[in-house]
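Have a look at the structure below, then the notes.
Each value in this text was obtained by applying a stated rule to the coordinates, not by laboratory testing. None of the values given here were measured: they were computed from a predicted structure. No Cβ is skipped: glycine too gets one built from the backbone with ideal geometry, and neighbour counts run over all protein chains shown.
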Amino acid sequence: QKEVEQNSGPLSVPEGAIASLNCTYSDRGSQSFFWYRQYSGKSPELIMSIYSNGDKEDGRFTAQLNKASQYVSLLIRDSQPSDSATYLCAVTAALGGSEKLVFGKGTKLTVNP
Amino acid sequence: GAVVSQHPSRVICKSGTSVKIECRSLDFQATTMFWYRQFPKQSLMLMATSNEGSKATYEQGVEKDKFLINHASLTLSTLTVTSAHPEDSSFYICSAVRLAGGSTSSYNEQFFGPGTRLTVL
């Protein structure tokens, strides 16, 4: 059974701080890793994808991947109240998003003004 | 990002009726679409993989005769919940795979529709 584990939170940070979200996965053959943001009552929105070890930065978001440790993280710098949402980590064995994704249960983030 | 639409966004029906949900990729063609279901405070669970022109592949535990999937074109997949019951009430979300090449990504990416909230009375 392929599993993706996330700390369910809630994670609470003050506005302007760095929020750190973590995810581990069980399938060592996984090749693609995604972070989705889901606001309450809405569908997930893709915010980051990462395919190779190291860091990938996009604006205030940085994804970090360590395949040896089977660990992927998301850092949100200068957190804003609008970042308050549930963040879903998703993993797939394919390179890219062509195949089914295995989702973690999500970490709920609250950014306090 | 790519645009995926779903219709209807919300539906309330009586127990025993059938409900059809449409998923459309508006600005790209999608040979593969996925259907997920999400119960309150839980993560997304994949129900089935929908491939254009072929039968859908269902996940273990998902009744193919109850959840009918049709992917008749490269931009449209439909999910029909037949003889719906209250336990089928959930948030149904589709996603569509956009192939690499015309986007900023070198890899295929999966984009989600806005979801359909089904309530069965």
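Side notes on the structure shown:
- Chain lengthening between A:D27 and A:L11 when straightened (0.36 nm per residue, less Cα-Cα): 3.2 nm
- Which of B:V97, A:V111, B:V3, B:V11 has the fewest Cβ neighbours within 10 Å, and the rest in rising order: B:V3, B:V11, A:V111, B:V97
- FRET E, pair B:K20, B:K41, Förster distance 25 Å, beta-carbon r, rounded to 0.05: 0.40
- Test item: A:29-40 mean partner chain Cβ contacts at 10 Å: 1
- B:M45, A:M48, B:M33 arranged by Cβ crowding within 10 Å, fewest neighbours leading: B:M45, A:M48, B:M33
- Projected-area average for chain B over all orientations - Cα convex hull basis, square nanometres: 7.3 nm²
- Counting DSSP beta bridges with both ends in the protein assembly as shown, the antiparallel % (nearest 5): 90 percent
- 15 Å beta-carbon shell around B:K64, net charge (K/R +1, D/E -1): -1
- Shown for B:F39, B:F112: other C-beta atoms within 10 Å of each C-beta, ranked fewest to most, produce the order B:F39, B:F112.
- For the residues B:I69, B:I12, B:I21, a GNM of chain B with alpha-carbon springs under 10 Å puts the largest fluctuation on B:I12.
- Derived scalar couplings between HN and Hα for region A:65-78 equal 10, 9, 5, 4, 8, 6, 9, 9, 9, 10, 10, 10, 8, 6 Hz in order, rounded to whole Hz, by the Karplus curve 6.51 cos²θ - 1.76 cosθ + 1.60 (θ = phi - 60°), x for Gly and Pro.
- Rounded FRET efficiency, nearest 0.05, which uses the C-beta distance separating B:C13 from B:D65 and R0 of 25 Å: 0.85
- Scaling against 2.2 N^0.38 Å puts the C-alpha radius of gyration of the protein assembly as shown at 1.01.
- Alpha-carbon centroid distance for the pair region B:1-30 / region A:41-78, whole angstrom: 29 Å
- Residue with peak Gaussian network fluctuation, chain A [Cα springs, cutoff 10 Å], from A:R77, A:R28, A:R37: A:R28
- Partner lysines for A:K100 [C-alpha distance under 30 Å; skip if fewer than 8 residues away on the same chain]: A:K2, A:K42, A:K56, A:K67, A:K108, B:K20, B:K41, B:K55, B:K64, B:K66
- For A:C23, the residues whose amide H sits under 5 Å from its own are A:V72, ignoring neighbours fewer than 5 places away on the same chain, with H placed 1.01 Å from N.
- Net charge over other residues, Cβ less than 15 angstrom from the Cβ of B:R24 (K, R count +1; D, E count -1): -1
- Cysteines (scope the protein assembly as shown) whose Cβ has no counterpart Cys Cβ under 4.7 Å: B:C13
- Among the residues of A:44-52, the average count of other protein chain beta-carbon atoms within 10 Å of the residue beta-carbon is 3.
- At q = 0.12, 0.17, 0.22 Å⁻¹ the log10 of I(q)/I(0) for chain A amounts to -0.37, -0.75, -1.22, computed by Debye summation with a single uniform scatterer per C-alpha, solvent ignored.
- Two-site FRET efficiency, B:N51 against A:L75, from Cβ-Cβ distance with R₀ of 41 Å, rounded to 0.05: 0.70
- Our coupling estimate for region B:72-86, obtained by passing each phi through the Karplus curve with A = 6.51, B = -1.76, C = 1.60 and θ = phi - 60°, is 7, 9, 6, 10, 9, 10, 10, 10, 10, 8, 8, 6, 5, 10, x Hz, Gly and Pro reported as x.
- Put a dot 7 Å past the Cα of A:S20, heading toward its Cβ, do the same for B:D27, and the two dots end up 3.7 nm apart.
- With contacts taken as Cα pairs under 8 Å at a separation of at least 6 residues, chain A carries a relative contact order of 38 percent.
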